[in-house]
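Student: For reference, the structure I am asking about is given below.
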Amino acid sequence: MSSININRTIDDGNKEEKEIYELIEENKHKYRLLGQSTGINMDHCVILGSKYTKEFWNRVYGYRIIQNEKMEKMMFEMIKKIKPEVKSYMTVCFYERRAEY
């Protein structure tokens, strides 16, 4: 299982890092969806996920990058006039482990 490290800045200004795992479709039943976000990169998606999901940092265990062409295209069209350096968007689903696992 591949993984990535995500990080956040905590109240005292220090950074905290956490490893989360890329989940495969076949094992999806072992995890509960926390939320989905569309952003310019993984860090942006993590920020959005943590902003709109209660206790995101403590709960997140894994992720899956999914294709959401309609949302990604809409977001890209909106932002390209303001930030022409943005080249694309991605959509990520974040998951927590189910209690029985």
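Student: Go through (1) in contact with a Gly (Cβ under 6 Å, 6 or more places away or on another chain); (2) assigned to a helix (DSSP H, G or I); (3) among the hydrophobic types (A, V, I, L, M, F, W, C) and name the single condition MET74 misses.
Tutor: Tallying (1) in contact with a Gly (Cβ under 6 Å, 6 or more places away or on another chain); (2) assigned to a helix (DSSP H, G or I); (3) among the hydrophobic types (A, V, I, L, M, F, W, C), MET74 fails exactly one: (1).
Student: Scan the stretch 72-101 for residues that are more than 19 Å from GLY35 (Cα to Cα) and among the polar types (S, T, N, Q) and jot them down.
Tutor: SER88 - this is the single residue of the stretch 72-101 that is more than 19 Å from GLY35 (Cα to Cα) and among the polar types (S, T, N, Q).
Student: Yes or no: the stretch 91-100 includes at least one residue that is surrounded by fewer than 14 Cβ atoms within 10 Å (Cβ to Cβ), without any contact (Cβ under 8 Å) to a residue 40 or more places away in the chain and at negative phi.
Tutor: There is at least one residue in the stretch 91-100 that is surrounded by fewer than 14 Cβ atoms within 10 Å (Cβ to Cβ), without any contact (Cβ under 8 Å) to a residue 40 or more places away in the chain and at negative phi.
Student: Check the stretch 37-56 and report whether any residue there is farther than 29 Å from GLU77 by Cβ, among the basic types (Lys, Arg), modelled with pLDDT under 90 and out of contact with any helix residue (DSSP H, G or I) (no Cβ under 8 Å at 6 or more places or on another chain).
Tutor: no
Student: For the stretch 25-71, which residues satisfy the criterion of being under 8 Å from the mean Cα position of the chain (by Cα) and part of a helix (DSSP H, G or I)?
Tutor: MET42, ASP43, HIS44, CYS45, VAL46, ILE47, LEU48, GLY49 - these are the residues of the stretch 25-71 that are under 8 Å from the mean Cα position of the chain (by Cα) and part of a helix (DSSP H, G or I).
Student: Provide a single number: the residues in the stretch 38-64 that are in contact (Cβ under 8 Å) with a residue 40 or more places away in the chain and out of contact with any Ser or Thr (no Cβ under 7 Å at 6 or more places or on another chain).
Tutor: Residues that pass the stated criteria total 12.
Student: Restricting attention to the stretch 73-101, and to residues there that are under 24 Å from ASN7 (Cβ atoms) and among the acidic types (Asp, Glu), which single residue is modelled with the highest pLDDT?
Tutor: Among those residues, the one meeting the criterion is GLU96.
Student: Among the numbered criteria (1) surrounded by 12 or more Cβ atoms within 10 Å (Cβ to Cβ); (2) among the hydrophobic types (A, V, I, L, M, F, W, C); (3) within 14 Å of VAL92 (Cα to Cα), which one does ILE24 miss?
Tutor: In the conditions (1) surrounded by 12 or more Cβ atoms within 10 Å (Cβ to Cβ); (2) among the hydrophobic types (A, V, I, L, M, F, W, C); (3) within 14 Å of VAL92 (Cα to Cα), ILE24 misses (1) alone.
The values are calculated or read from the model by the stated rules, or taken from the named source; none is laboratory data. Since the structure is predicted, the reported quantities are computational estimates derived from the model, not experimental observations. All Cβ positions, glycine included, derive from the backbone under ideal geometry; neighbour counts span all protein chains shown.
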